[in-house]
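*Asks:* Submitted below is the structure of interest, expressed as structure tokens.
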Amino acid sequence: MGRLAGLAGLKSGSPQSRIKETSDPNAPTYHFYGQEELEADLFGKDSSTHGARFIKTNDDVLTLQTGDLVFSLISGKATTVGRPHDGFLFTQNYVRITPPSTIDANYLAYLLNEDSSTRHQLLVGRQGSKLLKSTVRQLSELEISGLPSLEVQKTIGSLYRNQLKLESLKKQQAMLETKFVLTRMKGAH
């Protein structure tokens with residue numbers, strides 16, 4: 001089919017070191033989109049902005065919108081942005097991928113996260129001495145082949161999202177059951 005850069009738009013986030021913080025009370029406040037937010041969006045978890053880092057700035061910064069496809073250069077994971085993270089500022093560690101109307105964003109997230117050929121291409125080119133990380137160039141050069149019809153993409157993308165949410169809920173249920181049993185055991189002696 002072709003390289004990802006030929007199929008979709010790629011936009012790296014705002015360089016964090018260049019954003020000038022201000023004490024101007026009229027300046028907009030932006031929450032940073034980070035790994036915690038990406039995980040919450042990927043697994044359909046609730047997340048709060050209570051602990052999220054933020055910055056007040058008058059600078060022009062790049063923000064994410066609900067439904068945007070975002071890829072973490074650090075973790076190598078992609079997800080669509082959930083409503084709670086609408087308007088969050090994304091830094092140079094993230095890339096917004098804008099697929100055309102013929103490619104479903106959730107399906108593309110599935111390909112980037114789960115397809116063995118795509119994962120292999122991402123893992124081979126990771127760079128860094130202490131922290132292995134993907135690059136925008138590497139992401140743009142990913143070879144994507146054999147896209148099914150849009151209807152099939154939407155079905156697979158939806159199933160993928162629902163499966164990740166179900167997996168997350170099952171883990172949460174297991175943790176709660178363990179906590180319940182341990183609490184009951186403490187009360188038994």
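The values are calculated or read from the model by the stated rules, or taken from the named source; none is laboratory data. Since the model is a prediction, treat every value here as computed from it, not as a measurement. Protein only, heavy atoms only, side chains kept; ligands, DNA and RNA dropped before computing areas. Shrake-Rupley method; radii C 1.70, N 1.55, O 1.52, S 1.80 Å.
*Asks:* In terms of solvent-accessible area of protein heavy atoms at a 1.4 angstrom probe, what is the ranking of Lys171, Lys133, highest value first?
*Replies:* Sorted by accessible area, descending: Lys171, Lys133.
*Asks:* Over the residues of the chain, compute the C-alpha Rg and express it relative to 2.2 N^0.38 Å.
*Replies:* Relative to the rule-of-thumb radius for its length, the chain sits at 1.18.
*Asks:* Quick check: convex hull of the Cα atoms in segment 109-189, volume per residue, rounded to a whole Å³?
*Replies:* Per residue, the Cα convex hull of segment 109-189 comes to 136 Å³.
*Asks:* How much accessible area per residue does segment 115-189 have, counting only protein heavy atoms and a probe of 1.4 Å, in square angstrom?
*Replies:* Solvent-accessible surface per residue comes out at 76 Å².
*Asks:* Taking a 28 Å limit on the Cα-Cα distance, which of the listed pairs Lys56/Lys171; Lys165/Lys186; Lys20/Lys133 fall beyond it?
*Replies:* Going by Cα-Cα distance, Lys56/Lys171; Lys165/Lys186 fall outside the 28 Å limit.
*Asks:* Now for a different question. Over segment 55-141, with a single point scatterer placed on each C-alpha, what log10 of the ratio I(q)/I(0) does the Debye formula yield at q = 0.18, 0.20, 0.21, 0.24 1/Å?
*Replies:* -0.83, -0.98, -1.05, -1.25
*Asks:* Where the accessible area of the chain is counted over protein heavy atoms with a 1.4 Å probe, how much of it, in %, is carbon and sulfur?
*Replies:* 53
*Asks:* Restricting to bridges with both residues inside the chain, how much of the DSSP beta-bridge set is antiparallel, in percent to the nearest 5?
*Replies:* 90
*Asks:* Right, another one. Given 0.36 nm per residue, what is the gain on full extension from Glu167 to Asp46 after removing their alpha carbon distance, in nm?
*Replies:* On the way: separation 121, 0.36 × 121 = 43.56 nm, distance 1.43 nm.
Working it through step by step, the gained length comes to 42.1 nm.
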